[in-house]
Structures are given as C-alpha cells and as structure tokens.
1. Could you check Cys200 against (1) out of contact with any Gly (no Cβ under 6 Å at 6 or more places or on another chain); (2) at pLDDT 95 or above and say which number it fails?
2. Spot the failing condition for Gly163; the list is (1) under 22 Å from Leu29 (Cβ atoms); (2) of a type outside the set (Asp, Glu); (3) open to solvent by 10 Å² or more (accessible area, probe 1.4 Å); (4) in contact with a Lys or Arg (Cβ under 7 Å, 6 or more places away or on another chain), and only one is missed.
3. Taking only the range 185-216 into account, find how many residues are touching a strand residue (DSSP E or B) at 6+ places or on another chain (Cβ under 8 Å) and surrounded by 17 or more Cβ atoms within 10 Å (Cβ to Cβ).
4. Being open to solvent by 30 Å² or more (accessible area, probe 1.4 Å) and touching a Gly at 6+ places or on another chain (Cβ under 8 Å) narrows it down to one of Arg255, Arg249, Arg274, Arg169, so name that one.
5. Pairs, please: C-beta under 6 Å, at least 6 apart or cross-chain, first residue within 8 Å of ligand 2 (Cβ to nearest atom) and in the range 13-35, second of a type in the set (D, E, K, R)?
6. Inside the range 105-141, can you point out the residues that are surrounded by 21 or more Cβ atoms within 10 Å (Cβ to Cβ) and under 30 Å from Pro83 (Cβ atoms)?
7. Answer yes or no as to whether Asp120 is within 16 Å of ligand 2 (Cβ to nearest atom) and in contact with a helix residue (DSSP H, G or I) (Cβ under 8 Å, 6 or more places away or on another chain).
Amino acid sequence: MTGVVGEYRSDYNPNWCPGCGDFGVLKSLDMAFHELGLRNEEIVIVSGIGCNGRFPHNFKTYGFHTLHGRVLPIAQGINITRPELCVVGIAGDGDAFAIGGGHVPHAARRNPDIAYIVLDNGIYGQTKGQPSPTTPLGYKTKVTPGGNQEDPIDISKLALAYGVSFVARGFPGKPNHLAHLIAEGIEHKGFALIHVLNPCPTFNDTWKEYLAKVVEIGPDHDPTDYEAASKLVKSQDKIPIGIILKQDRPTLGERLKAPTRKKLEMKQLLATFR
Ligand SMILES: Cc1ncc(C[n+]2csc(CCOP(=O)(O)OP(=O)(O)O)c2C)c(N)n1
Ligand code: SF4
C-alpha cells in the first residue's frame, strides 16, 4: 500500500485550455488511485488521440498513448497478458464512439477486467470543434453552420444496451464524487465504463448546463437492477450521476481460465512463427 498525496503525478504540465473538464478528471483519477492505495507499477493508463490523449504523460505509472480509436484493443490485450495489473483506458467521445465505437460492444460481451473512462465533451476538441457522435442536434460548429443535423447518441444508454457490466456517470465539477466512481470502476471485476459529462469551454461549453442539471443518484437506486438502471438514464430534466449499473459476471480472464501468461523466451516465441 502506498498513499502519499501527489506521488502518482508526473511533472508534466497539461496544455489544455483554461477551464477544460480534463483538469477535473485528472484530479479525480489521481484521487481514485489514492483511494485504492495502488502502487505506481501496478497501473497502466491507455489513451488514444484527442485532447485527453496525453493523460498517461501526467502520471508516473505505466502508460500507452496509442492510436485514435484503439484504446480498447490495447487495454484488453494488456489485461489478458498481465491480469495482475490495473488497466485504465481513457478516450474522448469521438475516439470511443466514432472511430473506436465498434470495439465497445465486443468489450462488453467479453467483460475484460478494465476501467474505461470516456470523456464526453460532445465535440472533437483536438481537431478544433467538429461534431462528434454526442454533439446535440442543431448545435452550430464551423463545419455545421446551419446546426448539426444528426441525432446524438447517449453513451450511458448505449453502454447499458451493449451489456457493459458496470456503468457509471460522473462530472468533473464534482471531482470527489467522480474519483469515487472511478475507484469503484477500477475495483469492479469486469468491464467498467465511466461516462464523464465533460465540458469543453472552447468548443462546447456545458459547464452551466451540467451544474444546473446533474443530481447525485441516491441510495434508493439498486445498481444490480437493470430495469431500474434503464429508467434512470431516461431522465430528461435532470442528469443523474453515480453508479447506474453494477452486475457481477464472469470476466474474460476467468472464462479463459487457462494460464494467460505463458512465459516464453523471445527466441521460443519467434520460433512459433517459423
Ligand atoms: C485514424 C485517425 N483518424 C482521425 C484522426 C484525427 N483526430 C485526432 S483527434 C480526433 C477527435 C478528437 O475528439 P475526441 O476523441 O472526442 O477527443 P477530444 O479531443 O474532444 O478530447 C480526430 C478525428 C486521427 N488522429 N487518427
Ligand atoms: S479544446 Fe476543449 S477538450 Fe480540448 S483542451 Fe480545449 S477545452 Fe479541453
């Protein structure tokens, strides 16, 4: 057990715009590691491409800054070959649900033991503000001057429909709450998707809207109840945040059962391809 404040963070200075929600998520992730008392060498943070892609650089843990849309294949591979590690994937709504959207249902049905934090700012931030799969209908961007003409998807709803075994929704304006959700997602045995309502003040400033609408899910909600979870995500006026669904299912590692780490020397490994 460790637990000295600040020991997970590197000296890297994130260059996000002032007020970007990513700062809050960064703080929450750091707090989650402290809450769990993980050792740095037990953690791997996998990111794709986007403003959030530099997340691993902010930590003195293992990290993998991979391709746009490919966080889940890499994270699942690490989980299968090194099941003792805590694998945290981070991706934007574009990365996770546009180019990388095809990976989500398959991760859901495999149930690998990874936590996947999806930073949903409703826009392509890094490429300067094009609409993403979660951009609201009618929202004006430089490439949609007449307003976005495509219906947005709701990440929490989709995660439930895909059968993700742990679904939570959080907001960086409530960093302590979000930190706890991330910690719960990491602790969950299986695929945990943490949907973050993440303001992008430069291209889609949702701070005021979310501050007015988010409400913490109360103790009456039973996250093991799928019907109750589905009802919760249908809420229109308010946006409930907290653990929406948590169901215990066999993980991919448990199903494979056979030792997943066959230790082969490099020469032996190469010989298998000859
Ligand atoms: C294969 C590939 N296609 C497209 C891009 C261009 N690209 C870079 S970031 C990005 C989208 C970023 O949006 P999102 O994933 O939501 O993250 P954000 O920047 O908003 O945090 C795109 C399309 C790329 N880098 N690689
Ligand atoms: S463009 Fe948006 S998401 Fe990217 S750093 Fe700036 S505020 Fe954050």
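The values are calculated or read from the model by the stated rules, or taken from the named source; none is laboratory data. Quick caveat, the model's predicted, so the values are computed rather than measured. Reconstructed Cβ throughout: ideal geometry from the backbone, glycine too, with neighbour counts over all protein chains shown. Accessible surface areas use protein heavy atoms only, side chains included; no ligands, DNA or RNA. Shrake-Rupley method; radii C 1.70, N 1.55, O 1.52, S 1.80 Å.
1. Result: Cys200 fails condition (1) only.
2. (1)
3. In the first step, residues of the range 185-216 are kept if they are touching a strand residue (DSSP E or B) at 6+ places or on another chain (Cβ under 8 Å); the result is 185-186, 188, 190-198, 203, 206, 210, 213-216.
In the following step, the residues that additionally are surrounded by 17 or more Cβ atoms within 10 Å (Cβ to Cβ) were identified as 185-186, 188, 190-198, 203, 206, 210, 213-214.
Summing the residues that are touching a strand residue (DSSP E or B) at 6+ places or on another chain (Cβ under 8 Å) and surrounded by 17 or more Cβ atoms within 10 Å (Cβ to Cβ) in the range 185-216 gives 17.
4. Values: Arg255 fails: touching a Gly at 6+ places or on another chain (Cβ under 8 Å); Arg274 fails: touching a Gly at 6+ places or on another chain (Cβ under 8 Å); Arg169 fails: open to solvent by 30 Å² or more (accessible area, probe 1.4 Å).
Only one candidate qualifies: Arg249.
5. Here the result reads Trp16/Asp22, each pair linking the range 13-35 to a residue that is of a type in the set (D, E, K, R).
6. Ala107, Ala108, Asn111, Pro112, Asp113, Ile114, Ala115, Tyr116, Ile117, Val118, Leu119, Asp120
7. On the way: within 16 Å of ligand 2 (Cβ to nearest atom): yes; in contact with a helix residue (DSSP H, G or I) (Cβ under 8 Å, 6 or more places away or on another chain): yes.
The answer is yes for Asp120.
Matching residues to (1) open to solvent by less than 60 Å² (accessible area, probe 1.4 Å); (2) not aliphatic (A, V, I, L, M):
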position	(1), (2)
Arg9	no, yes
Trp16	yes, yes
Gly24	yes, yes
Lys27	no, yes
Leu38	yes, no
Glu41	no, yes
Phe55	yes, yes
Gly63	yes, yes
